[in-house]
Amino acid sequence: MSDYPQSYDVIVIGAGSVGTPAALSLAQAGLKVLVLDAMPSAGQGSNKHAIGGIRATHSDPAKIRLCLRSIEIFSTWKEVYGDDIEWYKGGYVFVAYREQEEQTLKTLLQKQQAYGLNISWLDSGDLRKLIPHLNPEGLIGGTYSPNDGSASPLLSIHAFYKQARNYGAEFHFNEPVTEIIVRSGKIQGVKTSKGMYSTPVVIHASGAWAKSLMNPIGIEIPVQPDSHEAAITEPVQRMFDPMIVDIRPAQGSANFYFYQHKTGQILFCITPSPNIWGFDIRETSAFLPMVSKRMVEVMPSLRHIRIRRTWRGLYPMTPDGFPIVGWSREAEGLLLAVGMCGQGYMLGPGLGELLTRMVTNTLSPGDEEILSILSPYREFVGQEKLK
Amino acid sequence: MMNSHRIEKHPILSIPERKPISIFWEGKPLSAFEGETISAALIANGIHVFGYHPRDHSPQGIFCANGQCSQCMVLADERPVKACMTLVKPNMQITPLDGLPSLPVETHPPEVKDIPQLQVPVLIIGGGPAGLSAAIELGKHGIETLLIDDKHRLGGKLVLQTHRFFGSTQAVYAGTRGIDIASRLEKELSQFRNVTVWLESTALAVFSDRNVGIWKKGTEYVLVRPDVLLVATGAREKFLAFPGNTLPGVYGAGAFQTLVNRDLVRPAERLFIVGGGNVGLIAGYHALQAGIAVVGLAEAMPEVGGYKVHRDKLVRMGVPIYTSHTILSANGDQKVESVTIAQINEKFQPIPGTEKTFSCDSVLIAVGLDPVNEFYVKAREFGMKAFVAGDAEEIAEASAAIYSGKIAGLTILNEINPSSEPIPQTWFQAAEILKSRPGKNYPETVPDISEGVIPIIHCTQEIPCNPCSTLCSKGLIFIPQEDIRNIPVFMGDSHSCAFCLRCVAGCPGLAITLVDYRADPENPRVAIPYEFHRETLHKGDTVILMSTEGEELGTSVVQNIVGIKDNDRTLVVLVQAPREIAPEVAGIRIQPEEVSRAETQYTPTVQDKTIVCRCERVSAGEIRALIREGYRDLNEIKAITRAGMGACGSKTCSSLILRIFREEGIPLNEVTPSSKRPLFVETPLGIFAGIHVDEKQEEKHE
């Protein structure tokens, strides 16, 4: 047995929404990959708390492009790899019940169409034809993007994990990284609870937990988690296709959204306002009354559906609501892919391929534009409209 | 055939007058009773398949009868409802739920209101023996207490128990029937105005902000914030994985007792029982009392785990008990038609060639209980002042739960008011004794006297029980007060017994007979306890006399059947028997031998299609394959297979999956347990929105 640590082309920290599909893409590119995770299996951090919405309907070209690629991967997964990840092309609808939201959405719509998204404005009547269960009272209309959809985060991450291993990626679970080793400004490897591994490239994809590993090497990344609660109902026959997003603020909450999964369950989530910062993911009594009231207002039929389970998860937030993706200037070989702001699941597959192109130095001009928007060294002054 | 599956006579339960109404099943009229559940009405009409699973179209029927799973879903007036929790209404149109239900389009937003919040000094979840006893202690001491229970009456599982209880007469109503203990405790509690009771109210979750979410009276959601929480939520039954285990007709003892003793319907004509603990043994006795044939009982261990007197009752009534046997499969297409069992070796593996198949229409699984302690675990995790009592703390008899509840009540009192009276040490001792498992068994001794009157005590195992010692009008039966687990001893001689029959009728184990040699020493009279309906046996009938171990001793003719003054519903049958066998007579055969005959050929078990997660139809094979691939995180196994993500919230499958890990030789410390999340039962979204419920529309949660 050698005393030298095992050596890898790339070490990914975090087997979550970003790290797992990234490992697959890196392994497919022929790289020797090790994924390290503190938890017992893939997706046990925040991935399993995602409700499964996948949209390219964002307000900036970076996320739009990454998610368009993600949608391609999700929607063709079964054809390509065989596993059913419960992709359902139901589209997304952002509803407007007030002029403010109509304005916001219509302004964004022009941008979104300019970036090539398949999205249009539906008036109240067309929207009700699309979703007969909607409350018509006061409904002005909404945007509809039919190519968006949903899938099961639980099944997807397992599928990514399985394929990544098929392509030779290694995963070590229950093995937290304790130190990132940097010598003369260069990544040398990582130390974990169980040993040491050498590598020239570390992809930092540990989501809500991103900050603590960076502080010891003098890197400040502005990510802090806030928590959102979600729930799932019993399955019922298909009621409606799109994810419905209501961005109106209300007492105690900002937006909320819900959709019907491929297998019939309704999943829903609400954004608390003000944010609830911190790592606490224990269930609260405030969530169900708050969200249920808003849901029956938008879709009265839902009063009869039975809620089965609730949970709470973390959104690794950045100051402007956009992810942080890019090479570190402080440590050569350290690639940051953190702060997905609750969209890691939908960004993951597209982002994983971008990370591979960064590592293999095969970036396209489009990639450069994405990276400039998501740069760790941007000003963080803007504010994402469709969080 | 209408209503041929109703219990119209019962030796213990009175059959209430109820108003008949008409309902419709698949468009055909059925008769039902006002106030009964849909499941009771369907079973009363011989309907057992309530729907088909959306995944694989497998037939679904009653399983938990307790609102915990969703196996019994039907469409009632086009709404999907749990048949076991929803009451029938005149002219209700009921159809099987085939696949997923659909929600009708409703576009008018309902009126919503804020969820009421309430602060209480003490909240008790569960109004069974433990919760009731704790509430009574708190009631006595003037502590403001809220007691909630999900059923329509207090008493928990006591209300299903028609038999006399064991335990100590002085301490816990031993010798009284469970149903009557429930009424007594309920009555005692009702005198305390500081105790508020919410029935039909289900705790849904304990939250990290220390609120308890309660679905109150089936109509509204309330958040209750207690200073002190007592969790007295009882137990849930363990289940078994075997092929055919989800066929309609396979269910637990709790469901069976609910259908028979609460709903007064006969879900089975021929029942086979798996598991020889007290629960299985008692359920067998309840079945016989309800006129249901008990084909047999299989127990994996070499001896049954329950009290010997419960076992003896069954065997001498003619129910064969197969120890060191396991169930191989329940067989049938749409519902259970037979069961196949086999003998097992010391490694619990079936021995080829020992398979036997019995025709039956129901298989009752009674293989043990697990505490329902999730609220307690959460409350402690969230730093609440929380206590646990009864089966939720430790599985034991109801008498032990009463003591555990009393102790919890005073513990809470001391928590609130540290200067209050200390808990008597004797309570702890009593609780320990009542919790004790059956102890040593002694050989049955037959006194060497054949004159006068001799009581024969067929109770030979150390169990915590003493009613006989207080029943003897002359005080001749002795059990030491300080440890009631001792075997009763008759202290008199052949002339001291007055033949008052009180011990015969009052022994909860029906384990005392009297042999009276006075009139005819060669053919003494034998007094035998009898707890069946009076009309089932008549003077002059020929009966088969049985020994304690279930051997036929001979036949005799019934001389008389008498009731005892002050005794409650147990009869005494008087027969004459030759002196050689008279002291050995412990009972009479109730069930003819042919009931228990095995089929000439056994039905072989089909391939490994055993379901472990019945809600999501996940097989043991799927789980086993993942374990063999190296999966150890239950959350991951759940994510891949959906096992545990169904309607019951992994209440049934989690122990079955752990069992597969054990079978595969994986130490459980290598296994990551799955996260537990609210809600305790599925609940309509509108309840959380604060929508006022139109009672005519909503399912009644009882």
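The values are calculated or read from the model by the stated rules, or taken from the named source; none is laboratory data. For clarity, every value in this text was computed on a predicted model and none was experimentally measured. Every residue, glycine among them, receives a Cβ derived from its backbone with ideal geometry; neighbour counts consider all protein chains shown.
Observations
- Failed criterion for B:GLY35 (all others in (1) within 14 Å of chain A (Cβ to nearest Cβ); (2) in contact with a Lys or Arg (Cβ under 7 Å, 6 or more places away or on another chain); (3) of a type outside the set (A, V, I, L, M, F, W, C) hold): (1)
- When the stretch B:499-532 is filtered for residues that are of a type in the set (D, E, K, R) and assigned to a loop (DSSP other than H, G, I, E, B), the ones remaining, listed by number, are B:ARG518, B:ASP520, B:GLU522, B:GLU531.
- Long-range neighbours under 8 Å by Cβ, at least six apart or interchain, first residue farther than 19 Å from B:VAL206 by Cα within the stretch A:277-294, second of a type in the set (A, V, I, L, M): A:PHE279/A:ALA208; A:PHE279/A:LEU314; A:LYS293/B:VAL112; A:LYS293/B:ALA689; A:ARG294/A:ALA250; A:ARG294/A:ILE270
- Residue check, B:ILE637 in contact with a strand residue (DSSP E or B) (Cβ under 8 Å, 6 or more places away or on another chain) and outside the structural domain of B:HIS286 (by TED's automatic domain parsing): no
- Any chance A:THR271 is at the interface with another protein chain (Cβ under 9 Å from one of its Cβ atoms) and out of contact with any helix residue (DSSP H, G or I) (no Cβ under 6 Å at 6 or more places or on another chain): no
- Screening B:ALA647, B:ALA643, B:ALA639 for residues that are part of a helix (DSSP H, G or I) and closer than 30 Å to A:SER292 by Cα leaves exactly one candidate, B:ALA639.
- Residue match in the stretch B:637-653 (condition: touching a Gly at 6+ places or on another chain (Cβ under 6 Å), of a type in the set (A, V, I, L, M, F, W, C) and buried (at least 22 other Cβ atoms within 10 Å of the Cβ)): yes
- Taken over the stretch A:32-50, the residue count meeting the criterion of being within 22 Å of A:PHE258 (Cβ to Cβ), in contact with a Gly (Cβ under 7 Å, 6 or more places away or on another chain) and outside any loop (DSSP other than H, G, I, E, B) is 2.
- All positions within the stretch B:101-135 that are surrounded by fewer than 22 Cβ atoms within 10 Å (Cβ to Cβ), touching a residue at least 60 places away in the same chain (Cβ under 8 Å) and farther than 17 Å from B:TYR221 by Cβ: B:PRO121
- Scanning the stretch B:312-348 for residues that are assigned to a loop (DSSP other than H, G, I, E, B) and farther than 25 Å from B:ARG589 by Cβ gives B:GLY332, B:ASP333, B:GLN334, B:LYS335, B:VAL336, B:GLU337, B:ASN345, B:GLU346, B:LYS347, B:PHE348.
- Residue pairs meeting the criteria (Cβ under 9 Å; at least 6 apart or on separate chains; first over 13 Å from B:ASN91 (Cα atoms), in the stretch B:22-44; second loosely packed, with under 14 Cβ neighbours inside 10 Å): B:GLY35/B:ARG18; B:GLY35/B:LYS19; B:GLU36/B:ARG18; B:ALA44/B:MET2; B:ALA44/B:SER4
- Residue check, B:ILE282 within 16 Å of the chain's Cα centre (by Cα), outside the structural domain of B:THR196 (by TED's automatic domain parsing) and over 21 Å from B:ARG597 (Cβ atoms): yes
- A:SER273 vs. criteria on the phi < 0 side of the Ramachandran plot and under 19 Å from the mean Cα position of the chain (by Cα): no
- Neighbours by Cβ (under 7 Å, 6+ apart or cross-chain): first from the stretch B:342-353, under 9 Å from B:HIS325 (Cα atoms); second part of a loop (DSSP other than H, G, I, E, B) and of a type in the set (Ser, Thr, Tyr): B:ALA342/B:THR354; B:GLN343/B:SER324; B:GLN343/B:THR354; B:ILE344/B:SER324
- A:GLY348 surrounded by fewer than 21 Cβ atoms within 10 Å (Cβ to Cβ) and either more than 9 Å from chain B (Cβ to nearest Cβ) or of a type outside the set (A, V, I, L, M, F, W, C) (or both): no
- The stretch B:659-685 residues that are farther than 30 Å from B:ASP149 by Cβ, paired with ones that are in a loop (DSSP other than H, G, I, E, B) and modelled with pLDDT under 95 (beta carbon under 8 Å, 6 or more apart): B:ARG659/B:ALA241; B:ILE660/B:ALA241
- Among the residues of the stretch B:583-597, those identified as out of contact with any Asp or Glu (no Cβ under 9 Å at 6 or more places or on another chain) and either closer than 14 Å to B:PRO524 by Cα or surrounded by 15 or more Cβ atoms within 10 Å (Cβ to Cβ) (or both) are B:PRO583, B:VAL585, B:ILE588, B:ILE590, B:GLN591, B:VAL595, B:SER596.
- The stretch A:282-330, subset of a type in the set (S, T, N, Q) and facing chain B (nearest Cβ under 7 Å), residue farthest from B:SER675 (Cα to Cα): A:SER301
- From the list B:GLU432, B:GLU451, the one residue that fits, being surrounded by fewer than 17 Cβ atoms within 10 Å (Cβ to Cβ), touching a Phe, Trp or Tyr at 6+ places or on another chain (Cβ under 8 Å) and either free of Cβ contacts under 8 Å to residues at least 24 places away in the same chain or assigned to a loop (DSSP other than H, G, I, E, B) (or both), is B:GLU451.
- Selection within the stretch A:221-272 - closer than 20 Å to A:PRO323 by Cβ and aromatic (Phe, Trp, Tyr): A:TYR257
- Filter pass, A:GLN265 being farther than 19 Å from A:TYR315 by Cβ, more than 9 Å from chain B (Cβ to nearest Cβ) and either buried (at least 17 other Cβ atoms within 10 Å of the Cβ) or touching a helix residue (DSSP H, G or I) at 6+ places or on another chain (Cβ under 7 Å) (or both): yes
- Boolean, B:ALA76 is more than 14 Å from chain A (Cβ to nearest Cβ) and in contact (Cβ under 8 Å) with a residue 24 or more places away in the chain: no
- Strands (runs of 3 or more DSSP E) wholly inside the stretch B:206-311 that include at least 1 residues being within 14 Å of another protein chain (Cβ to nearest Cβ), touching a helix residue (DSSP H, G or I) at 6+ places or on another chain (Cβ under 6 Å) and farther than 22 Å from B:SER650 by Cβ: B:220-231
- The residue that is nearest to the chain's Cα centre (by Cα), counting only those in the stretch B:650-680 that are within 11 Å of another protein chain (Cβ to nearest Cβ), over 17 Å from B:CYS613 (Cβ atoms) and assigned to a loop (DSSP other than H, G, I, E, B), is B:PHE680.
- Test result for B:GLY61, over 20 Å from B:ARG266 (Cβ atoms) and away from chain A (no Cβ under 12 Å): no
- Under the condition of being acidic (Asp, Glu) and within 14 Å of another protein chain (Cβ to nearest Cβ), the residues counted in the stretch A:131-174 number 2.
- Any hit, the stretch A:21-28, residues being closer than 15 Å to A:ALA169 by Cα and hydroxyl-bearing (Ser, Thr, Tyr): yes
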